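Laboratory data are not the source of any read-out in this text; all were calculated from the coordinates shown. Predicted model only: the values in this text are computed from it and were never measured. Neighbour counts run over all protein chains shown; Cβ positions are idealised from the backbone, glycine included.
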Amino acid sequence: MSNKTTDRIREAFTKGKAFIPFLTCGDPDLDTTGKLVRAAAENGADLIELGIPFSDPTAEGPVIQGANLRALRGGVTTDKIFDFVRELRKDITIPLVFMTYANVVFSYGAESFIRTCKEIGIDGIILPDLPFEEKMEFASLCKQNHVVLISMIAPTSDQRIAMIAKEAEGFLYIVSSLGVTGTRSEITTDIDSIVKVVRENTDIPCAIGFGISTPKQARKMAQSADGVIVGSAIVRIIGEYGKSAVSQVSGYVKTMKDGMKGL
């Protein structure tokens, strides 16, 4: 499927190793999230993951869970986030993907949710709780609307890695560590062997997430993969600084992107 969306995602991986920050929409409020998206884009983010808050985010550790709860308490809704992205797209050209849970899409109405993603310029969606075997219902809606359904590969996926990679679109999200999101002091998964199987089965880019927080870790992971995803470390800064987190996050994104230069 060659269209603007997949081309835009592929493009994000053509300027060296991609840096992909994750932000929870509405933490501390949508106005600040907008400033954070723009600051990240200006400081080297190649693609941004926007989290739609959910009351029971099973893949998340305490840091992102906290952000979800703060955003929900602040009154964020899916419709408000759709309007927010419409506004962002007036000046933000890099790819934007939603990360949320299947329940959020179901309760909104899958067809309506994915059609709106297309209308507002969302390039893809990531649903961490959607098993590969059950993705068809979403996948066909995504195809119709030219929104990429991004697949995840976990360290446990062994024989499934090839199968998931063969059908993957946009980019592949490789989960670096078992368990929930959160920073890790070290990442012990044999990423190289996972990437090797991926490369044998697809030519789409792969990015590694879960547990990466330092430029050194980012550089190490970027040696194996095409990009690095960072969530908890950024969300922790926002949790600490709130509305004044923009300059802190700008500096952090720049440091992480710089850490991967020249690979």
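Need the full-extension length gain, Glu111 to Gln223, defined as separation in residues times 0.36 nm minus the C-alpha distance. One decimal, nm. Mind dumping the intermediate values first?
Working: separation 112, 0.36 × 112 = 40.32 nm, distance 3.84 nm.
Taking 0.36 nm per residue and subtracting the Cα distance, the gain is 36.5 nm.
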- Query: How many nm is it between the label spots at Gln248 and Asp203, if each spot is 7 Å from the Cα in line with the beta carbon?
  - Reply: 4.4
- Using +1 at the Cβ of each Lys and Arg and -1 at the Cβ of each Asp and Glu in the chain, identify which of Ala225, Gly259, Val104 lies farthest towards the dipole's positive end. Gly259
- Please give every one of the aspartates and glutamates within straight-line cross-link reach of Lys257, meaning a C-alpha to C-alpha distance under 12 Å, and leave out same-chain neighbours fewer than 8 residues apart. Glu42, Asp46
- Query: When each pair of different Cα atoms in the range 13-151 is counted once in the 1/r mean, what is the Kirkwood radius in angstroms, to one decimal?
  - Reply: 15.2
- Item | Paramagnetic reach from Arg89 (point 7 Å along Cα→Cβ, amide N under 15 Å) across the range 115-138 | 115-125
- The simple spin-label model distance between Glu240 and Arg160, using points 7 Å out along Cα→Cβ, in nm, is 3.5
- Take the Cα pairs of the range 4-259, get the Kirkwood Rh, then feed it into Stokes-Einstein at 25 °C and 0.890 mPa s and tell me D in µm²/s. 137
- Task: Quick one: net charge around Phe138, please, counting Lys, Arg +1 and Asp, Glu -1 for every other residue with C-beta under 13 Å from its C-beta.
- Result: -4
- Task: Return the FRET efficiency for the residue pair Asp129, Lys80: r is the Cβ-Cβ distance, R0 is 22 Å, and the value is rounded to the nearest 0.05.
- Result: 0.45
